[in-house]
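Q: Here it is, the structure in full.
The values are calculated or read from the model by the stated rules, or taken from the named source; none is laboratory data. In this text, all values refer to a predicted model and were calculated from it rather than measured experimentally. Backbone-built Cβ (ideal geometry, glycine too); neighbour counts: all protein chains shown.
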Amino acid sequence: MKMEKNGVCEVLYASAYVCGEFASLLEDAGATIDSLLVKEVTNLPGHIQAVFIHNMLKIFGFMSNKTAAADEAGRAKLDEVRNRIIEALPSVTLSGDLEVQERAVGALAVVEYVFKQRKKVRRLRHRFEPFLPLSAIYRPAHG
């Protein structure tokens with residue numbers, strides 16, 4: 001599929017950018033991430049693929065932040081999205097475009113890092129939860 005530089009592809013570029021910038025307004029951030037990761041994206045020009053990856057990461061960051069204090073169902077959905085990202089990005093790391101490779105490798109590293117850190121926080125929170133009410137009651141005097 002040959003794409004013109006100033007054709008429909010540039011609309012996709014702008015759409016991906018807008019989705020990333022206004023992630024808080026998306027009705028279903030997970031579905032948007034899925035759309036940015038479809039296999040056919042690899043047929044687009046490299047600069048557009050790079051923008052797709054970059055803005056997918058922005059949306060994932062928004063989801064991670066929003067889910068930080070959410071219920072178990074929210075965390076499960078975030079884990080599902082993370083798994084789909086981890087499944088989709090390795091094929092993009094083999095792109096012929098160096099910028100696409102770099103963004104895909106970086107995005108993959110960030111997503112995995114966020115997951116590991118969130119796991120650590122859950123373990124620590126579970127371990128220290130019995131002591132949390134005491135910290136809310138006891139407040140040292142400021143001198």
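Q: Go through the range 29-54 and count every residue that is without any contact (Cβ under 8 Å) to a residue 24 or more places away in the chain, closer than 15 Å to R84 by Cα and not aliphatic (A, V, I, L, M).
A: Of the residues in the range 29-54, 1 are without any contact (Cβ under 8 Å) to a residue 24 or more places away in the chain, closer than 15 Å to R84 by Cα and not aliphatic (A, V, I, L, M).
Q: Of R127, R123, R103, which residue is under 30 Å from the mean Cα position of the chain (by Cα), at pLDDT 85 or above and either surrounded by fewer than 11 Cβ atoms within 10 Å (Cβ to Cβ) or within 30 Å of N43 (Cα to Cα) (or both)?
A: Just a single option satisfies the conditions, and that option is R103.
Q: If I go through the range 3-46 residue by residue, how many of them are more than 19 Å from the chain's Cα centre (by Cα) and either modelled with pLDDT under 90 or under 20 Å from L89 (Cβ atoms) (or both)?
A: 12
Q: Quick check, is V51 at pLDDT 95 or above, among the β-branched types (V, I, T) and under 19 Å from L108 (Cα atoms)?
A: yes
Q: Continuing with the same structure: Surrounded by 14 or more Cβ atoms within 10 Å (Cβ to Cβ), among the small types (G, A, S) and in a loop (DSSP other than H, G, I, E, B): which single residue out of S95, S35, S64 fits that description?
A: Within the list S95, S35, S64, the selection yields S95.
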